[in-house]
Amino acid sequence: MTEKNSVSVFGAALTRRNFVKVGGALFVGFGLVRAKAAGTKNSLDPTLPGSWIEIHPDNTILIRTGKTDFGQGTTFTAYKQIVAEELSAPFDAITTVVMGDTDRTPDGSAAADFLGGGMPNIRKAAAYTYQALLDLGSQRLGVPKDQLSVKDGIVSGNGKSMSYGELVKGQQLKLTIPVKGNLTDLMGLTVTGDPPMKPVSEYTVIGKSYKNAVIPSKVAAREKWATDVRLPNMLHARMVHPKTLGSKLVSAGELDKIKFPNAQVVVKGNLVGVVAPTEWEAIRAAQQVANSTKWTDWKGLPGSPELFI
């Protein structure tokens with residue numbers, strides 16, 4: 001099995017890139033199903049690491065998703081359960097989740113609709129991976145694929161067994177799954193095809209409670225969020241708003257430089273803001289400026305004669 005001699009896995013292509021003395025892995029990437037319309041071009045850069053799932057020789061698993069966790073823990077619990085279920089692997093075997101990084105995740109998409117729009121991608125990718133692992137198990141164990149069983153990441157048949165890690169050890173394998181769409185579209189790429197997926201009646205992982213691995217680091221403030229972004233000479237800002245709609249600026253309030261020595265008032269037309277090196281200073285300084293900023297009075301809503309129904 002080489003790049004030129006691949007194995008078809010329900011529409012995906014399994015190839016062996018080469019043998020290695022140390023390590024080895026199964027990388028699950030993607031092949032684009034391009035639209036037939038003339039001029040259609042996918043924006044995906046094929047040089048970027050595009051793995052959905054990686055199976056490592058130490059039996060650990062890495063998964064990638066363009067979805068970004070907003071605190072609910074979907075990517076660290078539900079997605080791990082979905083992948084573990086389809087792979088018939090232990091939940092704890094998934095030790096790494098790479099999420100929401102355009103350069104390191106394959107499917108793009110908005111950080112929303114995790115289980116509705118995002119779940120089919122990661123589930124199908126896992127289902128393709130499972131079938132590829134069965135093919136590898138059949139070759140290595142010398143047992144027909146339909147006579148193999150898998151439990152906790154161990155492939156067994158005819159009295160013989162091998163772990164997923166043992167199946168990929170010493171090889172660099174690549175599974176290319178079919179995908180359509182555009183990475184920069186709102187919903188990103190979509191995994192296509194119909195690989196066999198585990199029936200609900202056989203679930204052993206989904207439906208159980210598992211600890212969210214990132215809760216300790218969230219509580220200890222070790223996780224990085226948008227508000228943690230720090231750039232050289234970055235300033236924080238807060239707006240000073242009028243109390244009524246349609247008011248015009250008369251004069252911006254004076255800033256108390258004794259209390260807020262590093263803050264600065266910014267005025268552009270009717271826009272009034274305050275910038276400062278720290279967020280808290282910007283908040284307090286904006287509140288102080290707002291107290292003495294003068295605006296024109298609100299004249300009320302316009303009449304209804306010019307409203308169109």
What is the calculated FRET efficiency for Asp101 to Leu245, with r their C-beta to C-beta distance and R₀ = 51 Å, to the nearest 0.05? 0.80
Taking 0.36 nm per residue of sequence separation and subtracting the Cα-Cα distance, how much length would be gained by fully extending the chain between Arg222 and Ser8, in nm to one decimal? 72.7 nm
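Between Asn270 and Asn212, what FRET efficiency comes out of the Förster formula 1/(1 + (r/R0)^6) with R0 = 45 Å and r the beta carbon distance, rounded to 0.05?
On the way: r = 46 Å, r/R0 = 1.02.
For R0 = 45 Å, the calculated efficiency reads 0.45.
So what is the accessible area of the range 188-227 per residue, in Å², with the probe set to 1.4 Å?
Numbers: 2870 Å² over 40 residues.
So the range 188-227 comes to 72 Å² accessible per residue, rounded to a whole number.
Enumerate by residue number the chymotrypsin sites (Phe, Trp or Tyr not before Pro) in the range 209-309 meeting two conditions: DSSP loop (anything except H, G, I, E, B), and at most 16 other Cβ atoms within 10 Å of the site's Cβ.
Values: sites: Tyr210, Trp225, Trp280, Trp295, Trp298, Phe308; in loops: Tyr210, Trp225, Trp298, Phe308.
In loop regions of the range 209-309 (DSSP not H, G, I, E or B), the sparsely surrounded chymotrypsin sites (Phe, Trp or Tyr not before Pro) are Tyr210, Trp225, Trp298, Phe308.
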What whole-number distance in Å separates the alpha-carbon centres of the range 125-169 and the range 63-100? 22
Take the solvent-accessible surface of the protein heavy atoms, probe 1.4 Å, and return the percent of it on the range 111-208 that carbon and sulfur atoms account for. 51
Rounded, prolate or oblate, given the Cα gyration tensor of the range 196-309, with a/c below 1.5 counting as rounded? oblate
Scattering curve values for the range 236-300, log₁₀ I(q)/I(0), Debye with Cα scatterers, q = 0.16, 0.22, 0.25 Å⁻¹: -0.47, -0.81, -0.99
Explain nothing, just compute: Karplus ³J(HN,Hα) = 6.51 cos²θ - 1.76 cosθ + 1.60, θ = phi - 60°, for every residue of the range 277-293 in order, whole Hz, x for Gly and Pro. x, 10, 5, 5, 5, 5, 5, 5, 5, 5, 4, 5, 5, 4, 5, 10, 7
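Just subtract the alpha-carbon distance of Asn158 and Asn291 from 0.36 nm times their residue separation and send over the number in nm, one decimal.
Once the chain is fully extended between Asn158 and Asn291, it gains 39.8 nm.
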Built amide H within the under 5 Å cut-off of Val266, gap 5+: Gly273, Val274, Val275
In the structure displayed, which of Lys124/Lys151; Lys243/Lys268; Lys151/Lys211; Lys80/Lys145; Lys80/Lys198 lie more than 23 Å apart, Cα to Cα? Lys80/Lys145
For the range 150-309, the charge dipole (Cβ of Lys, Arg +1; Cβ of Asp, Glu -1; about the Cα centre) points to a positive end, and the Cα of Gly188, Val229, Val168 closest to that extreme belongs to Val168
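On a 1.4 Å probe surface of the protein chains, which of Val250, Val179, Val150 comes out largest in accessible area, and what is the full order? All intermediate terms of the calculation are to be shown ahead of the outcome.
Working: Val250 90, Val179 0, Val150 25 Å².
Highest to lowest solvent-accessible surface, that is Val250, Val150, Val179.
Please give the peptides 228-236, 282-290 ranked by average Cβ packing (other Cβ atoms within 10 Å per residue), highest first, as a rough proxy for protection.
Working: 228-236: 8.9, 282-290: 19.7.
Sorting 228-236, 282-290 by mean packing, highest first, produces 282-290, 228-236.
The values are calculated or read from the model by the stated rules, or taken from the named source; none is laboratory data. The structure presented is a predicted model; accordingly, all values stated were derived computationally and were not measured. A quick note on method: Cβ atoms are made from the backbone with ideal geometry, for glycine too, and the neighbour counts reach across all protein chains shown. Heads up: the accessible areas ignore ligands, DNA and RNA and are worked out on the full protein's heavy atoms, side chains in. Shrake-Rupley method; radii C 1.70, N 1.55, O 1.52, S 1.80 Å.
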